[in-house]
Amino acid sequence: MNELDLPYTLGRSKGPAGLKLARLQLVPKTMLTWRDQAKGWMEIKEGGRLVEVDVATTSSSFLEDSTPDANGLAYSYGFNFSLKRVRVETLQFIARHIRQGWVVIFQTVAGDCRLVGSLEFPLLMRAAAQMGGGVNSTTFSLTGLSPIQAPFVDAMGETALHSFSTYDSMTNLSSSNTAVYVEFETRRGDTFYRRLAFSKAGADESLEGSSFKMQIKKYFTDEVLLELTHQNYLLIEGNLIQIEIPASKMKDLPLGEYRFDLEQTKGTLVKTRMEGTFIVTPDITHD
């Protein structure tokens, strides 16, 4: 994990410049088949292959817009990336399939992975080469529409086509001296699930010997609505903490905005690692 000074919550950070890409993998639509269409799972046909593209991080980005269009396709996607000193075989592969639809697996510089495009809603590619004047680069753009948000995946590679993350929200926390600020939003009565990934100096941080406590409180008072510990809704595994509040508890939380923090204790050291706002929105289906 990369060390971050600010929290990075999947699906929420969409700055005007877009998300920066660290890795990019491409596969043409024609090399894919459905593994389970109802779940959106795909797999590569025999003889097909997934191609790793060496993107220039400083000039690559991913943008997502969730404004519905006239056809009800609620999500639009756009990639822009440049290739310098690109491998000849990669350019030949792209050139052979450029007019076909594409599916993309990518990783951001924060280490999070997503799958964009499908057999039903592939991405379309355009390319422009610039040569001469000391410049020799190829710029590509991929655009597409989808009725659903592109899923998050646990890792790059072929398995990303059919093994989406069970839950789509992870927050990365660095070992900086100040607690990071995070906003959590969930529906009343829904199971609340988040994963927290801890890092130190750019590497996974060991949580061995640590205990954690999280409290959700009303603003301007010390009334505790819910307390979470390693014995109660918090599970530590490696550098990850899994938070899972069951629906039976969530349905008892009143609607509104609350404050919370996550406190780490290791020996005599006590440190607040995360704080922020916990928002409970109305449920539509309820008992």
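The values are calculated or read from the model by the stated rules, or taken from the named source; none is laboratory data. Predicted model, so just to flag it, every value in this text is computed and none were measured. Note: ideal-geometry Cβ built from the backbone for every residue, glycine included; neighbour counts use all protein chains shown. Areas reflect the complete protein model, heavy atoms only, side chains present, ligands, DNA and RNA absent. Shrake-Rupley method; radii C 1.70, N 1.55, O 1.52, S 1.80 Å.
Among the residues of region 18-49, which ones are modelled with pLDDT under 85 and open to solvent by 70 Å² or more (accessible area, probe 1.4 Å)?
Those that are modelled with pLDDT under 85 and open to solvent by 70 Å² or more (accessible area, probe 1.4 Å): Lys20, Gln37, Ala38, Lys39.
Of the residues Glu64, Glu52, which is in a strand (DSSP E or B), at pLDDT below 90 and open to solvent by less than 50 Å² (accessible area, probe 1.4 Å)?
Only one candidate qualifies: Glu64.
Report yes if Leu4 is surrounded by 17 or more Cβ atoms within 10 Å (Cβ to Cβ), at pLDDT below 80 and of a type in the set (A, V, I, L, M), otherwise no.
yes
Residues of region 245-276 being out of contact with any Phe, Trp or Tyr (no Cβ under 6 Å at 6 or more places or on another chain), in contact (Cβ under 8 Å) with a residue 12 or more places away in the chain and small (Gly, Ala, Ser), which ones?
Result: Ala247, Gly256, Gly267.
Considering only residues that are of a type in the set (Val, Ile, Thr) and modelled with pLDDT of 90 or more, look in region 212-239 and name the one that is nearest to Phe184 (Cα to Cα).
Ranking the qualifying residues of region 212-239, first place goes to Ile216.
Where residues in region 165-183 are open to solvent by 10 Å² or more (accessible area, probe 1.4 Å) and out of contact with any Lys or Arg (no Cβ under 8 Å at 6 or more places or on another chain), which of them is modelled with the lowest pLDDT?
Asp168
Quick check, is Ile279 closer than 21 Å to Phe198 by Cβ, under 28 Å from the mean Cα position of the chain (by Cα) and touching a residue at least 40 places away in the same chain (Cβ under 8 Å)?
no
Would you point out the residue of region 184-233, among those that are open to solvent by less than 30 Å² (accessible area, probe 1.4 Å) and farther than 18 Å from Arg259 by Cα, that is nearest to the chain's Cα centre (by Cα)?
Going through the qualifying residues, I end up with Ala197.
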